[in-house]
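Trainee: Here's a structure for you.
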Amino acid sequence: MPCKTQADRWPEADKEEYERIKNQADKVVYTSEEYARDCMFKRNRHLVDYSSVCICYLKKDSGGTAYTVNYAGSRGLEIINIAG
């Protein structure tokens, strides 16, 4: 997870769903205590570093998703783009 405060400003129903899903996880890792400019970047790197496959929905060659998919490719992960 990018930070422990990720859902603080979400609507109550979204928070409840977030907690329900999170409670089903075998493990939860936070890359930051609070939101910081780079917490999503750190989260994405962590996901790639501890994965063997990258399943993505990528439709453009720029932005955070593209950066993460390129990073996954550079680490040798199999890339499965469900966007087609």
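Trainee: From the square roots a ≥ b ≥ c of the eigenvalues of the alpha-carbon gyration tensor of region 1-42, which class results: rounded (a/c under 1.5), prolate (a/b over b/c), or oblate?
Mentor: Details: a/c = 2.96, a/b = 1.30, b/c = 2.27.
Oblate is the answer for region 1-42, as a/c is 1.5 or above yet b/c matches or exceeds a/b.
Trainee: Hey, what's region 5-55 come to in accessible area per residue, 1.4 Å probe, Å²?
Mentor: Values: 4240 Å² over 51 residues.
It amounts to 83 Å² per residue over region 5-55.
Trainee: With a 1.4 Å probe and every protein chain kept in, tell me what percent of the accessible surface of region 1-76 is carbon plus sulfur.
Mentor: Numbers: 2840 of 5890 Å².
Roughly 48 percent, rounded to a whole number.
Trainee: In units of 2.2 N^0.38 Å, what is the alpha-carbon radius of gyration of the chain? It would help to have the intermediate numbers written out before the result.
Mentor: On the way: Rg = 14.2 Å, N = 84, 2.2 N^0.38 = 11.8 Å.
Rg over 2.2 N^0.38 Å, computed on Cα atoms: 1.20.
Trainee: Suppose R0 equals 22 Å; then what is the FRET efficiency for residue 35 and residue 62 from their Cβ-Cβ distance, rounded to the nearest 0.05? Numbers along the way, then the final one.
Mentor: Details: r = 23 Å, r/R0 = 1.04.
After rounding to 0.05, the efficiency reads 0.45.
Trainee: In addition: Just give me a number: lysine pairs in the chain, eight or more positions apart or cross-chain, with C-alpha atoms less than 25 Å apart.
Mentor: Number of lysine pairs found: 10.
The values are calculated or read from the model by the stated rules, or taken from the named source; none is laboratory data. Remember, predicted model here, so these are calculated numbers, not experimental data. Methodologically, a virtual Cβ is constructed for each residue, glycine included, from the backbone with ideal geometry; neighbour enumeration extends over all protein chains shown. Note: areas computed on protein heavy atoms with side chains; ligands, DNA, RNA excluded. Shrake-Rupley method; radii C 1.70, N 1.55, O 1.52, S 1.80 Å.
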